[in-house]
Amino acid sequence: MTDETENADNVIHDVPFGESKGKCPECGSMHTVPILYGYPMEEAMDAARRGKIQLGGCVIRGDDPRKYCKDCDHRW
Ligand SMILES: [Zn+2]
């Protein structure tokens, strides 16, 4: 019983929705935010200022990265 509680801290949470949440493939950080493309509305600008999202600009080429890592600056 005591061993179980001790191990609980070491469990790496493999969250089922981890993909949508976004884990950085470069550094494994979970401090990632979605990149928003298109003309940012005031709401999006505010979210970007708070670091909730990353603004990708107005130009969409089709193969643009969808996620941004706040820890290592990686986009994918
Ligand atoms: Zn990273």
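Inside the range 43-74, residues that are touching a residue at least 24 places away in the same chain (Cβ under 8 Å) and outside any loop (DSSP other than H, G, I, E, B) make up a count of 3. Within the range 13-35, restricting attention to residues that are of a type in the set (A, V, I, L, M) and modelled with pLDDT of 90 or more, which residue is farthest from the ligand (Cβ to nearest atom)? If we take residues in the range 13-35 being of a type in the set (A, V, I, L, M) and modelled with pLDDT of 90 or more, then Ile35 is farthest from the ligand (Cβ to nearest atom).
The values are calculated or read from the model by the stated rules, or taken from the named source; none is laboratory data. All values reported here derive from a predicted model rather than from experimental measurement. Ideal geometry is used to build each Cβ from the backbone, glycine not excepted, and the neighbour counts take in all protein chains shown.
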